[in-house]
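Notes follow the structure.
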Amino acid sequence: MNRLLATLAALAVLASASHAGLGDALKKKVDQVAKKAQDTKDKAAAPAEEKPAESGGAKGEASGDKVSTVSTKFDYVPGDSVVFLDDFTGDDLGEFPAKWRLVQGTFEVAEKGGERWLRGMSPDGSVRLKLPFAGALPELWTLDLDIDLGGPESTDGAITVRTLGDAENECWQAMYPHGRDLAFRSGDIYSTTPLEGGVVGGRHHLSFMARGKAIKAYMDRQRLANVPEIEGRFGLPREVEVRMWSENKPMISNVRFALGPKPPKDLLAGGKLVTHGIYFATGSDAVLPESAPVLRQVASWMEANPAAKLKVTGHTDNVGTPASNLDLSKRRAASVAKVLSSELGVAADRFTTDGKGDTQALASNAKPEGRAMNRRVEFAKP
């Protein structure tokens, strides 16, 4: 076994000299074989272990976890100005989606579990978001996407999200899985972090939050990379690319690119906080654990301003009837106030709640980006 591993390590060194094509493929295959050999050795030496509990899942699926149980290291807050949103419902099944640019490989819009997905049909393919601006990406932005890698295990590097700078050179990349980790690289900066308590394959939610040259990467409700300054030899990122590098036909869906949010100096300095970072199960008033970062900010503000009271108002898009949307928005506002009180310790009598349904749109409901802007919760000083 030791001789086999030594031979594989030598091949990996040769493969690393090439940046793409055959060198990439060879290195990947060598890594997979070496990992399999090491896993076999580890399993033979270790006692049987229980299969880890399934974790993650897309937003909109109730998990039973509470907001108060989410790690404080999970600090992701989505941007508040949505400029790109695609759940592939606007594309025909079997076709290439209109909001994306093909770089290489073959892709098609597919359906699974009543949802639309973009599926990689070739062993190695890449696509880029058609963002509505040219040049460098704005200073503050966020990116969300659901990924589906199939079964409980998956090929290393099945999904890679990366940004490209000058002359299409890579600024940074986040690759999942890498063994049981997420691997992040920006030039000489490199890190791997394991996904805690979750399976490698299956469905997960990826998020990225950029602040100029700083970038944070998250999977489900865990922060997996925190880079204060990416390597700047190729300038600021200009494009966002998703690579699907697996014969298991991985998929992505619910892709959201938004500008902001601005780091709050005073959460309610203007008298109101409008947030898109409070999530609910689809068609439900159940507050999801992913809402923790925003709700913790509100609770901290209330603690720092003990005499203050807030009005919580829910808003929806125009999908559904006006009456059902109004009722849902009221129930959601009440649920938010309840979580702040029961889980985060803010006295219940410091909140009043209301809902406006779809009557106070921030943007046109004609496009998915506009509907996403209209689904929100507002906190305001009375």
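Assorted remarks:
- Within the range 208-237, residues that are without any contact (Cβ under 8 Å) to a residue 40 or more places away in the chain and under 18 Å from L164 (Cβ atoms) reach partners that are β-branched (V, I, T) and not in a strand (DSSP E or B) with beta carbons closer than 7 Å, at six or more positions or on different chains, in the pairs K213/I230.
- Residues being part of a loop (DSSP other than H, G, I, E, B), under 23 Å from K66 (Cα atoms), of a type in the set (G, A, S) and within 16 Å of the chain's Cα centre (by Cα) - total across the range 197-237: 2
Results for (1) surrounded by fewer than 20 Cβ atoms within 10 Å (Cβ to Cβ); (2) touching a Pro at 6+ places or on another chain (Cβ under 7 Å); (3) not basic (K, R), shown as yes or no for each residue.
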site: Y279; (1), (2), (3): yes, no, yes
site: E290; (1), (2), (3): no, no, yes
site: A308; (1), (2), (3): yes, no, yes
site: P322; (1), (2), (3): yes, no, yes
site: L326; (1), (2), (3): yes, no, yes
site: K330; (1), (2), (3): yes, no, no
site: S341; (1), (2), (3): yes, no, yes
site: A347; (1), (2), (3): yes, no, yes
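- The set of residues in the range 131-157 that are of a type in the set (A, V, I, L, M, F, W, C), at pLDDT 95 or above and under 23 Å from R119 (Cα atoms) comprises L131, L143, L145, I147.
- Some residue of the range 115-132 being outside any loop (DSSP other than H, G, I, E, B), in contact with an Asp or Glu (Cβ under 9 Å, 6 or more places away or on another chain), among the β-branched types (V, I, T) and closer than 21 Å to M209 by Cα: yes
- Verdict on L268 being within 26 Å of T353 (Cβ to Cβ), crowded, with 20+ Cβ neighbours inside 10 Å and either touching a residue at least 40 places away in the same chain (Cβ under 8 Å) or basic (K, R) (or both): no
- Any hit, the range 358-372, residues being free of Cβ contacts under 8 Å to residues at least 40 places away in the same chain and among the β-branched types (V, I, T): yes
The values are calculated or read from the model by the stated rules, or taken from the named source; none is laboratory data. Just so it is clear, the structure is predicted and the values come from calculations on it, not from any experiment. Cβ sites come from the backbone with ideal geometry, for glycine too, and all protein chains shown count toward neighbours.
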